[in-house]
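One structure below.
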Amino acid sequence: MYLLSKFDSLLTTKTQVGGKAYNLAKLEKCRVNTPDWFCITSDYFQTLVDQNEVLKQLISQYTQLEYIDDLKELIEKIHNEINKCEIVIIDEVMNRINPDIHYAIRSSAADEDGSQFSFAGQLESFLYVQGRERIEAAIRNCFKSNFSLTALTYRFKNQIHQSTPKMAVIIQEMIDPDKSGVLFTANPINGHRDEMLISANYGQGEGVVSGECNTDEYTINDSGIIRDEIREKDFKIVADYENKTTKKVEVTGRDINSSVLTHAEIIQLNEIALGILALKKKPQDIEFCFKGGKIYIVQTRDITSLPMDKREEFANVFDNSNIQESFNGVTTPLTFSYASKMYYKVYHQLLGLTGLSEEELKKHEKRHKNMIALIEGRVFYNIQSWYKGLLLLPSFKQSKGDMEKMMGITDPVDFIEDKDLSLCERLKMLPGMIKTFGSLMWYFSKIDKVVADFMSDFYKVYDDIDFSKLNRLNLTQLYDLTEELDQKITSKWHAPLINDFYVMMMNGKMYRWMEKLAVENADITLGNLLSGEHDIASTQPTKELLKISDEIKKCDQGFQDQFLKLENLKVMDFFYINNKAIFELCQKYIDNYGDRTIGELKLESLTLRENPDFLINILKNYVIKESLSYESFIANELELRESEEAKIAPLVKKKLSSFARKRFYKDLRKLRKAIRYRENTRLLRTKSFGISRQIYREMGNQLASFNLINLPEDIFFLTLGEIEELKDGRIVQTSLKELISLRKSEYESYEDEEPGHHFKTFGFVHAGNKFIYEGNTNLDHDGALKGIGCYPGHITGEVALLFKPDDGIDVNDKILCTVRTDPGWAPLFPSIKGLLVEKGSTLSHSAVIARELKIPTIVGVPGITKIVENGQEIEMDCEKGLINLLQENQE
């Protein structure tokens with residue numbers, strides 16, 4: 001049975017009647033008016049193919065096609081063979097036809113108008129067809145349109161060409177409408193699913209669908225019509241009965257500028273659309289027409305693609321300007337989940353200390369769990385969470401600017417704003433604000449004791465851990481140890497947070513002083529004034545390594561030569577045999593700073609405890625560079641600070657009153673101290689992550705021994721939650737090897753491309769968003785690249801691009817260029833000529849350390865690592881923050 005009525009089509013499949021007919025049949029359930037129709041099933045076309053061996057072979061060739069360029073010749077051959085086919089079913093068709101009525105003959109492919117592929121505009125429809133000969137020709141042409149260049153190309157590009165395209169044909173009574181249009185149940189312009197868009201004109205819908213005629217547009221939602229655009233209608237498409245087709249005629253009279261649809265018609269269309277939407281359960285593209293005041297639904301299809309809904313209420317902004325110093329490059333699930341938990345706990349603590357009640361804290365709990373995000377393997381700040389946290393504090397605008405300075409955010413978010421409150425609302429909030437401000441001021445006034453107590457308490461816990469005995473604990477005991485340390489360390493992490501906030505406020509205050517003094521280059525001036533902190537933890541590892549280097553240089557030349565030539569992996573044994581004092585110094589360094597390595601906050605990073613390769617490379621670089629010594633380093637520490645203080649003193653005296661001068665120098669001392677505390681407490685953070693790293697590595701050893709994972713380091717591809725669920729028996733997938741293999745493959749793919757450092761997403765972050773930076777690389781008026789100068793100097797040199805420790809460390813007397821740094825990079829710096837960093841700010845680790853080591857430095861140059869090449873000569877004017885490319889790479 002090759003002919004089916006619209007009711008019979010309800011009882012069959014989409015494969016038999018095609019997508020268009022299947023959707024029309026479904027409309028019968030909505031009890032809407034549709035022009036009467038019946039269809040020729042796809043089985044009939046298949047019989048034509050089966051009866052024509054040449055046609056069958058040609059279609060088979062198409063299904064096996066590998067190159068789209070071979071399509072045109074093949075299409076012509078297929079069309080020729082379809083022309084030869086006899087449409088025997090025409091007699092049965094004519095028995096159902098009313099000879100006095102015109103018909104629309106429409107293609108209905110099996111894979112058309114589905115949830116994945118719409119084929120919109122790809123297949124043919126023929127209007128105002130009448131008479132046996134024309135109906136037969138239209139049916140044949142529908143079959144041929146299934147093998148048109150556009151339809152086959154669409155299938156080929158969407159990888160759905162591997163089977164014979166099935167085609168049914170709809171034969172539908174033609175309505176000669178007064179007006180027609182298209183209704184989208186989701187707005188195709190802006191992606192708003194709670195809005196409908198109607199486009200309408202007089203006459204046939206062909207003029208609307210093709211875009212040939214001007215149309216009126218109406219946007220509606222549950223509240224009614226929210227926007228209408230009544231355009232000047234120039235033409236409409238109407239029936240041309242004489243030529244059995246359509247024609248374009250002018251719109252005349254009042255219709256030109258009047259609304260095509262009345263308010264009542266729009267409401268009626270909305271109700272019908274809601275019924276169809278309830279039935280189809282997916283956004284619909286509905287064609288309709290009006291005849292004599294009656295609405296007819298001509299067809300409906302799934303909308304297969306909508307643009308992103310970009311309303312600001314669904315926006316998220318992500319930035320990794322300085323968090324990539326802490327979590328550089330691709331970061332594993334365990335590290336991210338661990339860091340996410342840390343951020344939640346410590347910021348929850350911080351707000352608790354400001355006097356917020358438990359009830360208030362619960363309101364902000366979700367935000368504290370979203371302080372950071374993981375995008376394509378990289379850790380990002382969720383900027384809204386940070387800005388919204390500042391709304392709880394006095395002076396949002398000032399705090400926002402201060403935070404952006406500290407975090408190195410070059411693209412501020414402007415849609416998070418302070419609330420414009422009434423006087424009553426302000427008075428109501430005043431007690432809470434006073435309490436919050438008072439709490440912070442109290443902690444700031446006690447910052448010396450707060451930090452000292454924190455460091456003392458930390459070392460009491462840290463020194464009590466015997467890392468050599470971790471392998472004597474079972475999995476449960478190891479997990480319990482992480483919980484115990486969480487209570488003893490993480491839950492008391494408020495001091496570093498209070499100090500970080502203090503740094504942010506004081507840094508902002510000093511920049512405002514720079515503005516009052518009208519300093520030409522505030523970044524460089526302030527950076528120089530902040531240098532020379534002799535007991536800062538960030539530079540301590542470098543000083544210790546210089547001491548070891550000095551000891552090696554005291555040895556005879558034969559010892560030095562053998563050390564420099566020896567494989568890194570044999571060096572510690574060489575020291576043990578030939579110079580136990582140097583061996584002991586190296587061992588002590590590893591004990592004290594073994595976790596301070598590149599990627600020090602990534603649990604998966606190999607530290608000096610597992611592999612001292614980085615330590616040996618640094619020592620070799622120092623020994624080669626004869627001018628490097630501990631004494632020369634110490635002697636130069638205060639030189640830059642004293643020079644800058646002398647330079648700025650006359651300006652301070654001239655522009656500030658006696659009282660203001662005292663405040664200026666007091667604020668400067670406070671910022672210096674706060675930065676010193678920040679760097680010192682961050683060493684403790686490094687050690688804290690180091691503790692967890694060793695515990696999780698031992699857990700990995702034991703999970704591998706139970707054959708749950710392949711390798712001990714595979715544990716880093718699980719999350720904290722999954723490890724807990726594994727312990728408790730709540731994990732939903734115990735085939736961990738397969739899960740880890742999948743994640744490894746995904747994370748490996750992230751190594752090749754890096755998302756933008758700053759981007760906006762809408763709705764679900766990983767649903768259709770692109771993580772691309774849409775700003776511009778900083779250029780000055782002469783076309784030079786521009787960043788933030790952190791230590792002055794005008795140098796020319798060869799670029800050494802370095803992204804990971806295992807990229808090789810030949811950086812002696814070169815300009816080290818990288819995406820980001822962390823404190824673990826510091827030992828590299830004394831041997832380099834200059835430093836160029838894509839991320840960062842004046843307060844980032846690279847800037848702080850470079851100032852202490854007197855290295856000409858520029859940070860915050862978006863995309864610089866993709867612009868310069870290894871070995872390329874560049875010029876750096878670090879006072880102005882300018883980089884000039886002198887030549888192309890000669891390699």
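The values are calculated or read from the model by the stated rules, or taken from the named source; none is laboratory data. All of these numbers come straight from a predicted model, not from anything done at the bench. Note that we place each Cβ from the backbone using ideal geometry, even for glycine, and neighbour counts take in every protein chain shown. What goes into the accessible areas is simple: the full protein's heavy atoms, side chains included, and nothing from ligands, DNA or RNA. Shrake-Rupley method; radii C 1.70, N 1.55, O 1.52, S 1.80 Å.
Between Lys654 and Ser491, 0.36 nm times their residue separation minus their Cα-Cα distance comes to what?
Full extension of this stretch gives 53.8 nm more.
For the range 12-60, just say rounded, prolate or oblate: build the C-alpha gyration tensor, square-root its eigenvalues into a ≥ b ≥ c, call rounded for a/c under 1.5, and beyond that prolate if a/b exceeds b/c, oblate if not.
Here the range 12-60 falls in the prolate category.
Would you rank Val379, Val249 by solvent-accessible area, highest first, keeping every protein chain in place and using a 1.4 Å probe?
Accessible-area ranking of Val379, Val249, largest first: Val249, Val379.
In what order, largest first, do Ile225, Ile465 sit by accessible area if the probe radius is 1.4 Å?
Reading off the accessible areas and sorting them downward yields Ile225, Ile465.
Quick one: if the Förster radius is 25 Å, what FRET efficiency do Tyr773 and Glu875 give, using the C-beta to C-beta distance and rounding to 0.05?
My answer for the efficiency is 0.45.
If you take the square roots of the eigenvalues of the alpha-carbon gyration tensor of the range 785-885 and sort them as a ≥ b ≥ c, do you get rounded (a/c under 1.5), prolate (a/b over b/c) or oblate?
The shape class here is rounded.
Using R₀ = 30 Å, calculate the FRET efficiency as 1/(1 + (r/R₀)^6) where r is the Cβ-Cβ separation of Thr150 and Gln46; round to 0.05.
It comes out at approximately 0.85.
Using a simple spin-label model with points 7 Å from Cα along the Cα→Cβ vector, what separation in nm is obtained for Asn471 and Gln733?
Label at Asn471, label at Gln733, 3.2 nm between them.
Need the full-extension length gain, Asn243 to Asp222, defined as separation in residues times 0.36 nm minus the C-alpha distance. One decimal, nm.
3.1 nm is the gain from fully extending Asn243 to Asp222.
Whose amide H sits under 5 Å from the amide H of Ala186, counting only residues 5 or more places off or on another chain, with H placed in the peptide plane?
For Ala186, whose amide H was placed from the backbone, the distant partners under 5 Å are Leu197, Gln284.
Lys366 versus Asn812, label points 7 Å from Cα toward the beta carbon: distance in nm?
5.8 nm
For an R0 of 30 angstrom, estimate the FRET efficiency from the Cβ-Cβ distance between Asp255 and Ser5 and round to the nearest 0.05.
According to the calculation, E is roughly 0.20.
Summarise the accessible area of the chain (1.4 Å probe, protein heavy atoms) by the percent that is carbon and sulfur.
49 percent
Tell me the accessible surface of Asp556 in square angstrom (1.4 angstrom probe, heavy atoms of protein chains only), to the nearest ten.
100 Å²
How much accessible surface does Leu742 have with a 1.4 Å probe, in Å² rounded to 10?
It works out to around 120 Å².
Tally Lys and Arg at +1 and Asp and Glu at -1 over the other residues with C-beta under 12 Å from the C-beta of Lys179: what net charge comes out?
-1
Relative to the first principal axis of the alpha-carbon coordinates of the chain, what is the inclination of helix 540-554, with its axis defined by its Cα atoms, in degrees from 0 to 90 and to the nearest 10?
60 degrees
Projecting each Cα onto the charge dipole of the chain (Lys/Arg +1, Asp/Glu -1 at the beta carbon, about the Cα centre), which of Thr539, Ile82, Leu720 comes out farthest on the positive side?
Selected residue: Thr539.
What order do Ser749, Ser841, Ser125 take when sorted by accessible area (1.4 Å probe), most exposed first?
The most accessible residue leads, giving Ser749, Ser125, Ser841.
If you take the Cα atoms of the chain, find Rg, then find the Kirkwood Rh from the mean of 1/r over all pairs, what is Rg/Rh?
Using only Cα positions, Rg/Rh for the chain is 1.09.
Calculate, in nm to one decimal, what His794 and Ser632 gain on full extension: separation in residues at 0.36 nm each, minus their alpha carbon distance.
Extra length from His794 to Ser632 when fully extended: 56.2 nm.
If we count every other residue with Cβ under 9 angstrom of Trp37's Cβ, Lys/Arg +1 and Asp/Glu -1, where does the sum land?
0
Can you tell me the dipole magnitude for the range 647-779 around its Cα centre, using point charges on the Cβ only (Lys, Arg +1; Asp, Glu -1), in Debye to the nearest 20?
2480 debye
So, with +1 on the Cβ of K and R and -1 on the Cβ of D and E, and no other charges, what is the size of the charge dipole of the chain about its Cα centre, to the nearest 20 debye?
3120 debye
Roughly what % of DSSP beta bridges within the chain run antiparallel, to the nearest 5?
90 percent
Roughly how many Å² of Asp613 are accessible to a 1.4 Å probe, to the nearest 10?
Rounded to the nearest 10, the figure is 60 Å².
Helix 736-749: angle to the longest alpha-carbon principal axis of the chain, degrees 0 to 90, nearest 10?
Result, in degrees: 90.
Per DSSP helix of 4 or more residues, -39500 (n - 2.57); summed, then divided by the residues of the chain. What does that give at 222 nm, rounded to the nearest 500?
Estimated from H runs of four or more residues: -14500 deg cm²/dmol.
Spin-label point model (7 Å from Cα, Cβ direction): what's the Ala784 to Lys26 distance in nm?
About 6.4 nm separates the two model spin labels.
Compute the helix-to-body angle for 71-84: its Cα long axis versus the longest principal axis of the chain, expressed 0 to 90° and rounded to tens.
The two axes meet at around 20 degrees.
From the square roots a ≥ b ≥ c of the eigenvalues of the alpha-carbon gyration tensor of the range 525-645, which class results: rounded (a/c under 1.5), prolate (a/b over b/c), or oblate?
oblate
For the chain, build the charge dipole from Cβ charges (+1 Lys, Arg; -1 Asp, Glu) around the Cα centre, then report which of Pro650, Val861, Leu27 sits farthest towards its positive end.
Checked the options; the winner is Pro650.
Heavy-atom accessible area per residue, the chain, 1.4 Å probe: how many Å²?
46 Å²
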